[in-house]
Amino acid sequence: MSKTYYVTTPIYYVNDKPHIGTAYTTVAADALARFHRLKGEKVFFLTGTDEHGQHVARAAERAGVSPQEWVDTMVVYFKEVWERLNISNDYFIRTTDPKHVEVARKFIQKLYDKGDIYLDVYEGWYCVPDESFWLPSQLVDGKCPQCGREVELVQEENYFFRLSKYADRLLKHIEDNPDFVQPEIRRNEVLSFIRQGLTDQSISRKKLRWGIPLPFDESQVMYVWFDALLNYISAIDYGLDDEKFLSIWPADVHLIGKEILRFHAIIWPAMLMAADLPLPRCVYAHGWLTVEGEKMSKSKGNVISPHELIDEFGVDAYRYYFLREFSFGYDGNFSRESMIVRYNADLANALGNLVSRVIAMVERYRDGSVPEPSGCKGDADAPLREAASEVFGRVDTAMERFAFNEALQHIWDFVDAVNRYVDETAAWDLFKNPSQSDRLDEVLYNQVESLRLLALLLVPYMPNAGEEIWRKLGYEDSIHQHHLPAEAGWGLFPPGRKVNKGKPLFPRIQR
Ligand SMILES: [Zn+2]
């Protein structure tokens, strides 16, 4: 039996409500998970929330509630928005779950028993919002090099993880496996960081109470990042259910934002090496989004909630825009204007109109029932068939590289090919001439067959649109039971079925 395809998002820090940046990673992970399900694979798609740490404890204090009450309130915002965005995660992990706590304690005990964790004095600068320690040499103008905020001097006895011990093995692994850290710009960043030498990492905190107590020293809690990274194995029952764990681990890909690259491409693999566990196949760090050319920040007041855009454009258009507009590995700029342009050009004009036209012609010329293909060929057929036979392979290749925008470009090339076919075959002319009746049957069948393929292709990116086209084509079962490339062959649409016009897809946005 083949291994389950395992895709993860980072677990999101519950200090804030989700915004379009948070949703960006989750929508991409969802498209990936759905794409692998479309291929008929078993998939485990994990997301969740990071609920420990000083920043959460302080936010709870400000709100006048206990940390647990605070995280219980905040987690709802995440679950709500993922539901609205049609996120199909198989599990939702919270680091306050008893299961996670148990696994994290087992894991750290294993490393302690092995001698990979030791007690030492820690002195350094600490950025509370980022939960990051910095050396004096790393500070920029005395402030956090990552976020530019004030840092605090911390000195205390902490437990350290022997990260330095794994530096050579890690370097070799990244050199030998070019796909382990992607895209290449991030891989080079990680390689040069490791080559400068790795120092052991403080992995516990003494003063803080809101965290997981160390099993070998209850006076200390786990450093929040050490705790958080373990979600990827606690969610699939590491140390609790070996059979389940081994059928899912290692992860095929951890999708992350580039700000947490070092944790995922250096510390996490070293932790796994220390525990004698296989490494994930890939860590993919995507770029950052700006809003109308500016960095998103609370102080600028330009943080956009996904709800606003879903209200205005709909869920599928939301998903489409973010996957299509940006090259996943690089930074991108969100603008309302570009979203309207994409919506009207790609969704309303190219896709929505195509679906309406084809359904309307079957209704007008064949009383709504899809004719049997007559075998009466024309010049326009070959290019359409060729486009249809090639599209899935191209999409698949793009998805292997996490190039969501390219995958959608290939699907829209196919949309264009079908639109061309509709124009060139001019069913309205064939209809006027009774001697062309056989050709009209063939043409209408080919158009419907193209929509069947298109509906399946769209499912990972726009699950509702895929399902709606499926209904318009008269299918009564769920499109999610169907697979590609298994059902990519031409001629699988059963003739005689009645089409349903229904509501138009993606009505144009007037402005
Ligand atoms: Zn910071």
| In degrees from 0 to 90, rounded to the nearest 10, what is the angle of the helix 381-400 Cα long axis to the longest principal axis of the chain? | 10 degrees
| task | Calculate, in nm to one decimal, what Glu41 and Glu184 gain on full extension: separation in residues at 0.36 nm each, minus their alpha carbon distance. | result | 48.7 nm
| In degrees, nearest ten, helix 353-366 long axis to first principal axis of the chain (Cα) | 30 degrees
| field | Sequence ranges 384-396, 234-246, ranked by mean other-Cβ count within 10 angstrom, highest first | value | 384-396, 234-246
| task | State, to one decimal in nm, how far the label point of Arg471 lies from the label point of Phe193, with both points 7 Å from Cα in the Cβ direction. | result | 4.7 nm
| task | Pull up the cross-link candidates among the aspartates and glutamates for Lys295, meaning alpha carbon to alpha carbon under 13 Å and not fewer than 8 places away within one chain. | result | Asp331
| note | The pairs in Lys377/Lys432; Lys79/Lys300; Lys42/Lys498; Lys39/Lys377; Lys99/Lys244 lying past 21 Å Cα-Cα in this model are Lys79/Lys300; Lys42/Lys498; Lys39/Lys377
| note | Treating only Lys and Arg (+1) and Asp and Glu (-1) as charged, each at its beta carbon, one finds that segment 336-481 has a dipole about its Cα centre, in Debye to the nearest 20, of 320 debye
| Label point distance in nm, Ala382-Glu308, each placed 7 Å from Cα along Cα→Cβ | 5.3 nm
| Dipole magnitude (debye, nearest 20) for the chain, charges at Cβ of Lys, Arg, Asp, Glu | 480 debye
| field | Point-to-point label distance, Trp490-Asp241, nm (Cα→Cβ direction, 7 Å offset) | value | 4.6 nm
| Partners for Lys501 among aspartates and glutamates (Cα-Cα distance below 13 Å; same-chain residues under 8 apart left out) | Glu363, Asp367, Glu468
| task | Would you kindly state how much longer the chain becomes between Asp200 and Ser356 on full extension, computed as 0.36 nm times their sequence separation minus their alpha carbon distance, in nm to one decimal? | result | 50.0 nm
| query | What does the charge add up to near Glu363, with Lys and Arg as +1, Asp and Glu as -1, over the other residues with Cβ less than 10 Å from its Cβ? | reply | +3
| said: Given a Förster distance of 60 Å, report the FRET efficiency between Gln109 and Asn349 from their Cβ-Cβ distance, rounded to the nearest 0.05. | reply: 0.50
| task | Beta carbons within 10 angstrom, averaged per residue: use that to sort the peptides 258-269, 286-297, highest first. | result | 258-269, 286-297
| query | To the nearest whole percent, what portion of all C-alpha pairs in the chain is separated by more than 39 angstrom? | reply | 33 percent
| message | I need the shape label for segment 1-54. Rule: rounded when a/c is under 1.5, else prolate if a/b > b/c, else oblate, with a, b, c from the alpha carbon gyration tensor. | response | oblate
| field | Per-residue HN-Hα couplings for segment 16-21 [Karplus 6.51, -1.76, 1.60; θ = phi - 60°; Hz; x = Gly/Pro] | value | 9, 6, x, 10, 5, x
| said: Can you give me the angle between helix 463-472 and the longest principal axis of the chain, using Cα atoms only, in degrees from 0 to 90, rounded to the nearest 10? | reply: 20 degrees
| Which of Tyr284, Val443, Val27, positive extreme of dipole for the chain (C-beta unit charges) | Val443
| request: Work out the charge dipole of segment 336-481 with +1 on the Cβ of Lys and Arg and -1 on the Cβ of Asp and Glu about the Cα centre, then indicate which of Gly352, Tyr475, Val459 is farthest towards its positive end. | output: Gly352
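Bear in mind that the values in this text are calculations on the coordinates, not laboratory data. A quick note: this is a predicted structure, and the numbers were derived from the prediction, not measured. No Cβ is skipped: glycine too gets one built from the backbone with ideal geometry, and neighbour counts run over all protein chains shown.
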